Every structure is written in C-alpha cells, then in structure tokens.
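What follows is a set of notes on a single structure, which appears directly below.
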Amino acid sequence: MKYSREFIGELIGTYLLVIFGCGAVTVSVLFDAYQGLLQIALVWGFGVSLAIYVTRHLSCAHLNPAVTLAMAAGRRMSVRKVPVYLLAQFLGAFFAGLTLYLMFSSVIMNYENVHGIVRGTEESVQIAKIFGEYYRQPGKWEISMPLAMGAEAFGTFLLVLIIFSLTEGCNLGRPDNNLAPIFIGITVTAIICLVGPLTQAGLNPARDFAPRMVAWIFGWGSAAFPDQTGGFFFVYILAPCIGGQLAGLLFTRLLEPLMNRPVTNCCR
C-alpha cells in the first residue's frame, strides 16, 4: 500500500491520543475518578505528547484532520497524502472508542441500571459524552450553536497556530524539536481548560466523530449526537477545520515571512 508508513503512524498515533483522552473522560463519568477539568485536560495533554513521540517519525504525527488540512493548504505535505491521513485518523479514533466500550461495557450497563438511565434517551447523554462532545447538556447548560462553533474554531486556531510555530524552522525562538511534543501537549491542556466548559473541547473531527459512531452503533442512537439541527457537523467537524485553516493562513502568509526576515535587535 502506498503511504503505508504514514497510514500506520496516523492510525496508531490517533488511537493512542483517543484511548488516553477519552479514557480519562470514561473513568471520570463512571467512577468519578477526577475532581475537575484540569485533571482530565492534563491526561489529554499527556496522551497527545506520547502519541506524537511514538509516531512522528512515521507520519509527522498530525493525528487531527484539522492539522492535516492546514498542513496541506500550507504546502507542508502532498495533497495526495490527505485521504490516507484522514482515513487513518478516523479509523484510529474509532478503534480507540471501540476498545473503551468493550473494556467498560459492563460498567456502563451497571451505571445505567443504578441511575435508571435508558440508553438512547436524552438522559443517556451523560454517558454518551464518554465518546463524543456536547455543547448542550441536559440539566446543565445550553449554549447557542454559533457560540459553540466560535469556541471550537478558536480553540483549534490556537492549537494549529502553535503547532506551526513549534515545528517550523523559520521560528528561531521555538524549543528544541525533542521538546515540541511536550509543548503541544501543554497547549492542548490549556485549550481544553479554556474551551472545555463551553463545548467539551473537541478540536479534532476524527476524535469526535469516530468514537461518537461507536456510541451510535451500540444503542445511543440519536442521543449520540448533540442536536437534530446539524450541530454535530457544524460545531465539531466544520468549525475546527475552519479554525485550522485560518491559523495556517496566518502563519504562512504573515508570521513566516516576518520570521524569515534578517534578524535584528528587537530592543533597539
């Protein structure tokens, strides 16, 4: 298979990212294992850093369709590779979601029985959020779709902008390449702390869609999606891609040319 190296890298990397991140959400929901958003965000950050370290030599570790599309638009990768990357990312996230369901299915059923939750109803969202994000939570909060889209686009904008800034050679102020995955993980943690209270911070179409499909397959049905007006697509698929494109455009059209200029003493 052509580009098999890249395919395997993105598959494994996205699997690791989702298994750690969604795993943290799973144990938080089912076992009340964490006391706040920061703890879950830190696990996501660790998961991102580890996934990048494991696979960046294979595929440069995009692990996110928004990142891949931004890299392709910025001519950092061949457009021919894009379908391979996207397929691997969605499959990796799906297998991670499936793994989590198989691991915790008995616990989920017990949780449903104890709390009187019927799978597929509106109340079952409190379990379905293990797999996909929700910007509307029954009995908790309900923000507008435009605000949710803006939050997801802005969060992904920050993520992609920092990824470009940490990995492009024109930025002489970036840390050593061996430290870049750690700083990207820290970035994810910080963005989740900022955006999470509004949308649960998807920031990644593959991470959201593929595990959400696991919930849909195993009985959550329409409850696997945040609403019936397209919010799932607009908030968690389209908005991150738009945010990523805007970040790539800002970096390649403005910041990169400025960074490539001869260095002068900034204090004079």
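The values are calculated or read from the model by the stated rules, or taken from the named source; none is laboratory data. Predicted, not measured: the structure shown is a model, and the values here were computed from it. Methodologically, a virtual Cβ is constructed for each residue, glycine included, from the backbone with ideal geometry; neighbour enumeration extends over all protein chains shown. Note: areas computed on protein heavy atoms with side chains; ligands, DNA, RNA excluded. Shrake-Rupley method; radii C 1.70, N 1.55, O 1.52, S 1.80 Å.
Summary of values
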{"item": "Added length on full extension, which subtracts the Cα-Cα distance from 0.36 nm per residue, S78 to Q35", "result": "11.1 nm"}
{"item": "Linear extension gain, I143 paired with E123, 0.36 nm per residue minus alpha-carbon span", "result": "5.4 nm"}
{"item": "Computed over the chain, Kirkwood Rh from alpha-carbon pairs, angstrom", "result": "18.9"}
{"item": "Folded to 0 to 90 degrees: helix 205-215 orientation relative to the chain principal axis, Cα", "result": "20"}
{"item": "Relative contact order (%) - criterion: Cα under 8 Å, at least six apart; region: the chain", "result": "28"}
{"item": "Helix axis angle, 37-59 relative to the chain longest principal axis, alpha carbon, degrees", "result": "60"}
{"item": "Value at 222 nm in deg cm²/dmol, rounded to 500, when DSSP H runs of n ≥ 4 in the chain each add -39,500 (n - 2.57)", "result": "-21000 deg cm²/dmol"}
{"item": "Hull volume in cubic angstrom per residue (convex hull over the Cα atoms of the stretch 189-268)", "result": "134"}
{"item": "Average accessible area per residue (Å²) across the stretch 104-154 - probe 1.4 Å, nucleic acids and ligands excluded", "result": "49"}
{"item": "Listed peptides 155-162, 254-261 by packing density, highest first (mean Cβ within 10 Å)", "result": "155-162, 254-261"}
{"item": "Average Cα contact separation per residue, the stretch 101-184, under 8 Å, 6 or more apart, as relative contact order %", "result": "13"}
{"item": "Charge dipole of the chain about the Cα centre (unit charges at C-beta), most positive-ward option of V125, V235, Y3", "result": "Y3"}
{"item": "Efficiency of FRET from Cβ geometry, N113 and I217, R₀ 22 Å, rounded to 0.05", "result": "0.60"}
{"item": "Value of relative contact order over the stretch 195-244, rounded to a whole percent, pairs C-alpha under 8 Å and six or more apart", "result": "42"}
{"item": "Rounded FRET efficiency, nearest 0.05, which uses the C-beta distance separating N171 from R5 and R0 of 22 Å", "result": "0.25"}
{"item": "Prolate/oblate/rounded label for the stretch 86-162 (Cα gyration tensor, a/c 1.5)", "result": "oblate"}
{"item": "Where labels lie 7 Å past Cα in the beta-carbon direction, separation of T229 and L249 in nm", "result": "2.6"}
{"item": "Sorted peptide list for 126-135, 70-79, criterion being average Cβ within 10 angstrom, highest first", "result": "126-135, 70-79"}
{"item": "Tilt relative to the chain, helix 180-199 - C-alpha long axis, 0 to 90 degrees, to 10", "result": "50"}
{"item": "Alpha-carbon centroids, the stretch 70-91 and the stretch 119-198: separation in whole Å", "result": "20"}
